[in-house]
Every structure is written in structure tokens, then in C-alpha cells.
Amino acid sequence: MWLIALFDLPSDTAKARSDYRLFRGALLKDGFLMMQYSVYTRHCASEENALVHKKRIKSVLPPDGEVRILALTDKQYGRMEVFFGKIRSPTEAAPQQVTMF
């Protein structure tokens with residue numbers, strides 16, 4: 001499962017810029033990777049794991065702006081079409097999971 005965090009945060013004051021940096025830093029610390037500006041993704045091993053990361057995002061929401069969280073299955077994420085110019089590039093693969101016995 002993939003979580004996608006999309007956000008539009010103000011940056012008109014020093015406090016707003018600080019809130020933006022703190023929120024972005026929290027996403028990165030939680031394992032999210034930047035897909036595009038203000039769009040971050042993270043692979044989750046299960047739906048329960050995705051709920052944990054959603055709660056973490058909710059706990060660091062800035063006081064202003066808009067944040068959306070979208071959950072996609074691996075299959076849905078794999079159907080995404082990615083273009084650089086007019087050339088189609090493959091969608092990022094899910095990270096390999098470590099199996100511990």
C-alpha cells in the first residue's frame with residue numbers, strides 16, 4: 001500500500017515558513033520521499049501500517065494550509081503513468097520487504 005501526502009501550505013510569513021519546514025521534515029523523518037513539490041509518498045507493508053503513518057501525519061499538521069492523504073494499493077500505484085516531457089517512464093517499484101524468521 002502507498003500513502004501519498006499532498007499539501008498546500010502558506011509561506012507568506014516567517015512562522016508559516018517554519019511550520020512548512022517542520023511538517024516537511026516530519027514527513028521525511030517518517031520515511032516519505034518527495035515525488036513532486038508538496039507531494040510525498042511512502043510505501044507501507046499493510047493497511048494497519050498505513051494507519052500508523054496517517055496518525056503520525058495528523059499529529060504534526062501545521063495550523064494553516066491544506067493537507068490531503070491518499071492511500072493506494074500497490075496495483076493502483078503501479079498503474080500510474082509518469083511522463084518526463086513526452087517520454088513515458090516506468091512507475092517506481094515498491095521497496096523490497098525484509099523477511100525475518
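Dividing the Cα radius of gyration of the chain by its Kirkwood radius returns 1.01 for Rg/Rh. Taking other Cβ atoms within 10 Å as a rough exposure proxy, MET35, MET1 sort from fewest to most as MET35, MET1. For region 1-45, pairs of C-alpha atoms spaced more than 13 angstrom apart make up 54 percent of the total. Protection proxy ranking, highest mean first, for peptides 71-81, 51-61: 51-61, 71-81, where packing is the per-residue count of other beta-carbon atoms within 10 Å, averaged.
Do the sum for the chain: with -39,500 (n - 2.57) for every DSSP H run of n ≥ 4, divided by all residues, what is the mean residue ellipticity at 222 nm, to the nearest 500 deg cm²/dmol? The partial results should precede the final answer.
Details: 3 runs with 34 residues, N = 101.
After summing the helix terms and dividing by residue count, I get -10500 deg cm²/dmol.
When the Gaussian network model of the chain links Cα atoms closer than 10 Å, the mean-square fluctuations of PHE23, PHE83, PHE32 top out at PHE83.
Quick note: the coordinates plus some simple rules give every number you see, no bench work behind them. Because the structure is predicted, anything quoted here is derived from the model rather than measured. Ideal geometry is used to build each Cβ from the backbone, glycine not excepted, and the neighbour counts take in all protein chains shown.
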